[in-house]
Every structure is written in structure tokens, then in C-alpha cells.
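Below is one structure, written out as C-alpha cells; the observations come after it.
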Amino acid sequence: MTPGNFSRFGVPLLLGVLLPVRVDSAQLLDDRAITVQSAREIAAKRRELIKYLWGGAGFPDGRLPNVVTNVANPVKQLSHLSRVDKFHIDMAPGLQGLAYHFIPQHPNHELVVVHHGHGCTLDDDPSPNDVGYGLQRTINALLREGYGVLGVFMPHMRPGDCTGGHDAMFQTNTVGSPIKFFLEPTAVSLNYLKTRSRTGRFPKYDAFHMIGLSGGGWTTTIYAAIDPTIRCSFPVAGTIPLYLRTGGSVGDREQFEATFYRVAGYPDLYVLGSHGRGRKQVQILVRRDDCCFGEAQHDAKSSGMAYAEAMRAYETRVRAALQKIGNGSFRLEIDETAPSHMISHHAIEKIILSELQKTR
């Protein structure tokens, strides 16, 4: 859900024809209720989500990517970088996922997934100013601190396949749900990184975290909910609950597909992504966002609350649920410094790196 993406307002390209699929906020599910009240219910909800996504096959924990080692660096001006490996993930006929593994010169034995949204390159602006989307500066800062980085793309949003059309993916016939295709590049790549790190091909990783911008922030929310091995997660400008969405915040179909969010609405997903010993989720929204989930996209009249008040209301309920259940932390940060839809320098240095270093 990045500015300029043609499917941002739900207009997919299917068989060469533009099919308008506009969804009014009144048609979205009311997902304000938190339905999980115990660790047992969280585990049961996670199993239900995995069954919805993959059917009887279950979570793809046995699959591995096709790996090409020591490829040309796809991101300019990275420091503290030892090597880059390229991962191809076969998901369906004509649909392949892509990820890059950035290996640091001085590893701290932790890995961070950095997931892009509706953009086809991680090589954005490297300057010290808050311009671009902030993927390059996020990867660079993590390498500087010794984190391995897995840079992941959304389906049909990568070099060589930048067609978009996520709504059209729901026309495909597959076991489970097409939403799984947004998650498999991360899941399959982590299978490799968790097993092959024992062979000495790269540093052994003892902890795994995840950051995502926009559609990558949505992916981070969903993936952290279904995979509790993600310790710290940072969805940036990626989601808010459906009951608060209007206009540009409605998103593509994966963001509001009713059959999925009847299983778990966003507040439930925040609880699942945060719960567990040593786990935390810090959600970052951008007040001046020019795409989605910012103050300009908020309808204070329909919600009955000003922007920050409405966002803090669901944060309070998620935090209360986690406190009752025990184990895990959720926090919402509203980035006041970012001028637009991005991961800002402030978010990287003062929020993300600060929280990661607290877990070490």
C-alpha cells in the first residue's frame, strides 16, 4: 500500500482488464472485539489460522528455497556487509517469491526480516534525510549493529515481476487461501536460515525478529501472529483494525478479506503476535502519512474520536488482554517526525534498534 501502486484502492489487473473492486468502510467487518483470553485460546486460534491458510498441509516448515550464494549486492551504499545470498521460493505456477540474505561483517547472531510493501526494490534513498521509504537505511542500520537481514518482497512486487494485482490472486484455485502466498517467502526462507546456519555457511542465528513497511507491515502483523519464533515485530504503517478504516486505509483484498478476519480480527492478531515469553510487538504509525493509517485518512466523525485517541483506544485493549493472559508486550508508537509514508530515521534509531537491544 505505497503511493503510486495501481492496486492501492482495490483495482486489480485480471486477464488484462481493469476490474473495479471498491470496498466501502461500512462493508468491513467490525473486528474491535478481542476473542482470545488465555494462552490455550491463543494456541488454538493460531492453529485455526494455519488451517485456514494452508489447509491440511499445515505450516510449510519442511520446504526450502533455491539459494544462490554470493550474488551482487542489490542495495547501494551498505556498510558492514560481508555477503549477499539470493533466495527463490516456488509457490505456485507462475508465482515465485524472492528474498535476499544480507550477512553482516560482525554478526551478533540475530536476524531481522525486513519486508517491503508495494515496491519492487530495496534500493531506495540512502541519504541522512527522511526521504524515500526507508528500506535502505533500515538494512544499513541493522548491519551496522551486527544483525543479519532477510529482505523480502510481496508477491508480484519484486525485480522482474512488478505487476501487482493482489486482488486478482484471490481468483486462483489453491488449497487453503491465497493469503498464504504473502507469508511463504518469509516462512520458507527462515526454514533455510534456521537449519543451514548450523552448517557454518553463515552465522548461527539465535533469535529472529521482523520489520515491515506498508504491505510489509501487514505481512509482519500476520506472520508474527502465526509464527511465535518471531521475537520482536515492528509493523510500520501496515495496519489498523478494520472498524477504524476509511478511504486509503481500506487496502487491497488481503487486508480485509472477510473469511480470514472472521477467524481473527486485527486486535486478536496483535495479541497473537505479541504473546509469549520475551516477545513484543511495537506498531508504528505515521501521523503525516500520505498513504494510509495516518491522521489524514482517519474519519473522526464516524469513529467518534480524534486520531490519536482512536488509535490509543485499541492499544489499551490489546495491552489489557496481554496483561490478563500474561507474557508478551504490545505498544503503539505514532511517529511525529516522518513527513510521509516511510520508516524514518527516528523510527529506526529511537524505536526499532532501541527495542531490539533491550532483548539482547
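Here are some notes:
- Only listed residue being in contact with a strand residue (DSSP E or B) (Cβ under 9 Å, 6 or more places away or on another chain), in contact (Cβ under 8 Å) with a residue 12 or more places away in the chain, of a type in the set (S, T, N, Q) and farther than 25 Å from Ile179 by Cβ, chosen from Ser303, Ser274, Ser329: Ser329
- Yes/no for Ser354 being of a type outside the set (D, E, K, R) and either modelled with pLDDT under 95 or not in a helix (DSSP H, G or I) (or both): no
- All positions within region 102-118 that are under 17 Å from Met157 (Cα atoms) and either of a type in the set (Val, Ile, Thr) or surrounded by fewer than 24 Cβ atoms within 10 Å (Cβ to Cβ) (or both): Val113, Val114
- Exactly one residue among Asp268, Asp290 is touching a Ser or Thr at 6+ places or on another chain (Cβ under 6 Å) and under 22 Å from Ala43 (Cα atoms), and that residue is Asp268.
- Residues that are in contact with a Pro (Cβ under 8 Å, 6 or more places away or on another chain), surrounded by fewer than 21 Cβ atoms within 10 Å (Cβ to Cβ), of a type in the set (Ser, Thr, Tyr) and part of a helix (DSSP H, G or I) do occur in region 189-199, at least one of them.
- Among the residues of region 166-184, those identified as within 18 Å of the chain's Cα centre (by Cα) and not in a helix (DSSP H, G or I) are His166, Ser177, Pro178, Ile179.
- Restricting region 112-142 to residues that are assigned to a loop (DSSP other than H, G, I, E, B) and β-branched (Val, Ile, Thr), the residue that is farthest from Ala237 (Cα to Cα): Thr121
- Residues located in region 97-141, provided they are out of contact with any helix residue (DSSP H, G or I) (no Cβ under 8 Å at 6 or more places or on another chain) and of a type outside the set (S, T, N, Q): Tyr100, Ile103, His106, Pro107, His109, Cys120, Val131, Gly132, Tyr133, Leu135, Ile139
- Among the residues of region 178-206, those that are touching a His at 6+ places or on another chain (Cβ under 8 Å) and within 21 Å of Val84 (Cβ to Cβ) comprise Thr186, Ser189, Leu193, Phe202, Pro203, Lys204, Tyr205.
- Top-ranked residue of region 77-93 - restricted to ones that are free of Cβ contacts under 8 Å to residues at least 60 places away in the same chain and in contact with a strand residue (DSSP E or B) (Cβ under 9 Å, 6 or more places away or on another chain), ranked as surrounded by the fewest Cβ atoms within 10 Å (Cβ to Cβ): Asp90
- Residue pairs whose Cβ atoms lie under 7 Å apart, sitting 6 or more positions apart in sequence or on different chains, and linking a residue in region 64-76 that is closer than 23 Å to Thr138 by Cα to a partner that is loosely packed, with under 12 Cβ neighbours inside 10 Å and β-branched (Val, Ile, Thr), do not occur here.
- Test: residue in region 262-285 that is surrounded by 23 or more Cβ atoms within 10 Å (Cβ to Cβ), of a type in the set (D, E, K, R) and assigned to a helix (DSSP H, G or I): yes
The values are calculated or read from the model by the stated rules, or taken from the named source; none is laboratory data. Every value quoted in this text rests on a predicted model; they were computed, and no experiment measured them. Virtual Cβ from ideal backbone geometry, glycine too; neighbours counted across all protein chains shown.
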